[in-house]
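I have placed the structure first, in the form of structure tokens, so that the comments after it can refer back to it.
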Amino acid sequence: MTSGSGGAAGRLGLLVWLPVWGVLMVGAGLVVTGPAAGWWPFAAEGAVGVWFAGRRTAVATAVSEWLTSAASTGAVIGVTGVCVVALVVLPRAPRWRDALFLGASVTAQSALFLLVTVCVDRSRPEVERLDPAPPTSSFPSGHAGASLALYGGLATLVVTRLRGPWRYVAAGLLLLVPPAVAVSRLYRGMHHPSDVVAGLVNGAVVLLVLAHALLLGRSPVSRGAYAPRRTRAVAPYAPAGWWGTGRGQGAFWYVDGRTGPPTEGKRRGTRDQRQGPQAVRGARPRPQRDPDPGRGDRRAADEGSVPGGVG
């Protein structure tokens, strides 16, 4: 097994923490509804629902209804499906890993939520409720957990996959949705404070595990964020009187971090500094071309002639 496949297997091994986290959530719920029910702050949670119920207004009720709808089962499934399809279809290269991260985050959070509600039975606050009470336990809040898994997952993709300072603004706006949903559930009398806190923590842990397993382990090159520039092999120093492009011979010089033909400035700068990158194996410099090939014949003719002599 190569180091790359071994690293991928190790990252996927982090997924074993999800069932472990589910067991911990069940244990926390049993403690909150059992021996810790009479302890502070759990004993004072009923007063929070009464406080919200006494301060309801038409505008706040409408806003809380919209926030609850944004984290409802139908909305979460619909938004997740649209985003997953968009990640696969719209980019030039399908972002399968990103789509898997988002879909798996929402699915895993929902599975853990159902596991806990089956094992933990907690009644809802004794106040007027603005929504029909589902048959599941009040602990934890499914709306809060689903909103963090979805909108927190989108914020993670925005920060890690996009460029530009505006991505932080977009991610910040997405991250405002889960706590707003949590407050809306308290306002509408559907959950205790510890329920929405447990839901948010559940979604956050799922995102953390899946982000490390599917996103953060990738190299910058595989994400496309950085691709090293390829340069041609550097040929040995060649005399300044020629420029060749023959096979196996120097066609480019490497001067000051750039490659290209040896301009006059490069020839002057390299002529006195012949130490540089090692020569390519098998490459050999071409012989220096004589700028005046007839000079030797003229010299021989001059030496053989006698001034004033008879030819």
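Identify the residue in region 112-141 that is free of Cβ contacts under 8 Å to residues at least 60 places away in the same chain and assigned to a helix (DSSP H, G or I) and, among all such residues, is surrounded by the most Cβ atoms within 10 Å (Cβ to Cβ). Here the residue is THR117. Contact annotation: no residue pair with Cβ atoms under 7 Å, 6 or more positions apart or on different chains, pairs a residue in region 71-92 that is not assigned by TED's automatic domain parsing to the domain that holds VAL196 with a partner that is of a type in the set (D, E, K, R).
When THR73, THR61, THR57, THR68 are checked against the criterion of being among the β-branched types (Val, Ile, Thr), crowded, with 18+ Cβ neighbours inside 10 Å and farther than 23 Å from LEU208 by Cβ, a single residue qualifies: THR68.
Within region 18-30, not a single residue is surrounded by fewer than 15 Cβ atoms within 10 Å (Cβ to Cβ), over 21 Å from GLY199 (Cβ atoms), in the same structural domain as PRO140 (by TED's automatic domain parsing) and out of contact with any Pro (no Cβ under 8 Å at 6 or more places or on another chain). Residues considered: ALA155, ALA93, ALA111, ALA171. Of these, the only one that is modelled with pLDDT under 90 and out of contact with any Pro (no Cβ under 9 Å at 6 or more places or on another chain) is ALA93.
Flag: GLY172 matches the condition of being surrounded by fewer than 18 Cβ atoms within 10 Å (Cβ to Cβ) and out of contact with any Leu (no Cβ under 7 Å at 6 or more places or on another chain). In the set ALA43, ALA62, ALA99, only one residue is small (Gly, Ala, Ser) and modelled with pLDDT under 95; that residue is ALA43. Among the residues making up region 135-168, those that are under 15 Å from the mean Cα position of the chain (by Cα) and of a type in the set (A, V, I, L, M) are LEU154, ALA155, LEU157, VAL158, VAL159, LEU162. Residue count for region 153-169 under the criterion of being outside any helix (DSSP H, G or I) and loosely packed, with under 12 Cβ neighbours inside 10 Å: the result is 3. Scanning region 117-134 for residues that are of a type in the set (Ser, Thr, Tyr) and either over 18 Å from GLY29 (Cβ atoms) or over 38 Å from the mean Cα position of the chain (by Cα) (or both) returns a single hit, SER123.
Kindly indicate whether any position in region 29-40 is more than 36 Å from the chain's Cα centre (by Cα), without any contact (Cβ under 8 Å) to a residue 40 or more places away in the chain, part of a helix (DSSP H, G or I) and farther than 25 Å from ASP131 by Cβ. Yes; the residues of region 29-40 include at least one that is more than 36 Å from the chain's Cα centre (by Cα), without any contact (Cβ under 8 Å) to a residue 40 or more places away in the chain, part of a helix (DSSP H, G or I) and farther than 25 Å from ASP131 by Cβ. The condition of being in contact with a helix residue (DSSP H, G or I) (Cβ under 7 Å, 6 or more places away or on another chain), under 18 Å from THR68 (Cβ atoms), part of a helix (DSSP H, G or I) and modelled with pLDDT of 95 or more holds for only one of LEU148, LEU176, that being LEU148.
The values are calculated or read from the model by the stated rules, or taken from the named source; none is laboratory data. What you see is a predicted model; the values in this text were computed from it and never measured. Here the Cβ is made from the backbone with ideal geometry for all residues, glycine too, and neighbour counts use every protein chain on show.
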